[in-house]
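Presented below is the structure to which this report refers.
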Amino acid sequence: MPKKIGILALQGDFAKHQEMLWLLKIETILVKKPGDLHGCEGLIIPGGETTTLTKLIQKYNLYEPIREFAEEHPIMGTCAGAIMVASTVDDHRIEPLQLIDISVTRNAYGRQIDSFITQVDVTFLQGPTRFKTVFIRAPKISNVGSQVEVLMELRGNPIMVQESNVLALTFHPELTTDPRIHQYFLEHFFTI
């Protein structure tokens, strides 16, 4: 298990990811500038607002440091974080990090008022066979590359995918009390 996981803390719901990692007895580093990545063994890019995230990642010169970090360390992107790790996005204002071979459509499930919670079947997690998924102005993964593994689907659409050391989720696992997806990230990508 890793000792310290970084959480990109420029904007969005990074505090909820921090709480989930604390529940799993993992130290966290709130990443706000390139030097904060030193000492991190992995990075979570949380939900938030992607045009704002793009501007802040540019402002704090984090694009190249995160890309270099991802060459050797696991990354998990949730909701807006999934958009940021994607290879292509349907909005020219967003500059994705291009860490996983997926195409993403922003706000594909609708506006804030269309947010929803639903149970989804899971086969790769220990414990119950269903996971409560929280979708808030959620993106949709519109295309996956040949090396991308689909781990979870909702109505035939990928909602959690993995390629190499990168996980992308279109929902918010940190807004539940179920730590199993964070546990999967910690156990699957790190030597125990």
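The values are calculated or read from the model by the stated rules, or taken from the named source; none is laboratory data. The model shown is predicted, which means the values in this text are computed figures rather than measured ones. Positions of Cβ are generated from backbone atoms using ideal geometry, with glycine treated the same way; all protein chains shown enter the neighbour counts.
Does the stretch 121-140 include one or more residues that are of a type in the set (S, T, N, Q) and in contact with a helix residue (DSSP H, G or I) (Cβ under 9 Å, 6 or more places away or on another chain)? Spell out how you get there, then give the answer.
Narrowing the stretch 121-140 to residues of a type in the set (S, T, N, Q): 123, 126, 129, 133.
Checking which are in contact with a helix residue (DSSP H, G or I) (Cβ under 9 Å, 6 or more places away or on another chain) leaves us with 126, 133.
Yes, the stretch 121-140 contains at least one residue that is of a type in the set (S, T, N, Q) and in contact with a helix residue (DSSP H, G or I) (Cβ under 9 Å, 6 or more places away or on another chain).
Please determine, by comparing only the residues of the stretch 28-50 that are surrounded by 14 or more Cβ atoms within 10 Å (Cβ to Cβ) and part of a helix (DSSP H, G or I), which one is modelled with the lowest pLDDT.
Thr50
Would you check if Gln58 is at pLDDT 95 or above and either crowded, with 20+ Cβ neighbours inside 10 Å or within 15 Å of the chain's Cα centre (by Cα) (or both)? Explain how you work it out, then say what you get.
Working: at pLDDT 95 or above: yes; either crowded, with 20+ Cβ neighbours inside 10 Å or within 15 Å of the chain's Cα centre (by Cα) (or both): no.
Against the criterion (at pLDDT 95 or above and either crowded, with 20+ Cβ neighbours inside 10 Å or within 15 Å of the chain's Cα centre (by Cα) (or both)), Gln58 does not qualify.
Can we say Glu153 is of a type in the set (Asp, Glu), touching a helix residue (DSSP H, G or I) at 6+ places or on another chain (Cβ under 8 Å) and modelled with pLDDT of 95 or more? If you could, list the steps in order and put the result at the bottom.
Details: of a type in the set (Asp, Glu): yes; touching a helix residue (DSSP H, G or I) at 6+ places or on another chain (Cβ under 8 Å): no; modelled with pLDDT of 95 or more: yes.
No, not satisfied.
Scan the stretch 163-188 residue by residue and report those that are surrounded by fewer than 23 Cβ atoms within 10 Å (Cβ to Cβ), over 19 Å from Gly48 (Cα atoms) and not aliphatic (A, V, I, L, M).
Glu163, Ser164, Asn165, Thr177, Asp178, Pro179, Arg180, Gln183, Tyr184, Glu187, His188
Mind checking which residues of the stretch 154-176 are closer than 18 Å to Cys79 by Cβ, assigned to a loop (DSSP other than H, G, I, E, B) and without any contact (Cβ under 8 Å) to a residue 24 or more places away in the chain?
Across the stretch 154-176, the qualifying residue is only Arg155.
Rundown of residues vs (1) surrounded by fewer than 19 Cβ atoms within 10 Å (Cβ to Cβ); (2) in contact with a Lys or Arg (Cβ under 6 Å, 6 or more places away or on another chain); (3) within 25 Å of Glu49 (Cα to Cα); (4) not basic (Lys, Arg), yes/no style:
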position: Arg106; (1), (2), (3), (4): yes, no, yes, no
position: Ile113; (1), (2), (3), (4): yes, no, yes, yes
position: Thr118; (1), (2), (3), (4): yes, no, yes, yes
position: Leu125; (1), (2), (3), (4): yes, yes, no, yes
position: Asn143; (1), (2), (3), (4): yes, no, yes, yes
position: Glu153; (1), (2), (3), (4): yes, no, yes, yes
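I need the full set of residues from the stretch 66-89 which are crowded, with 16+ Cβ neighbours inside 10 Å and either part of a loop (DSSP other than H, G, I, E, B) or out of contact with any strand residue (DSSP E or B) (no Cβ under 9 Å at 6 or more places or on another chain) (or both), in order please.
Those that are crowded, with 16+ Cβ neighbours inside 10 Å and either part of a loop (DSSP other than H, G, I, E, B) or out of contact with any strand residue (DSSP E or B) (no Cβ under 9 Å at 6 or more places or on another chain) (or both): His73, Pro74, Cys79, Ala86, Ser87.
In the stretch 142-179, which residues are under 14 Å from the mean Cα position of the chain (by Cα), over 20 Å from Phe69 (Cβ atoms) and charged (D, E, K, R)?
Glu174
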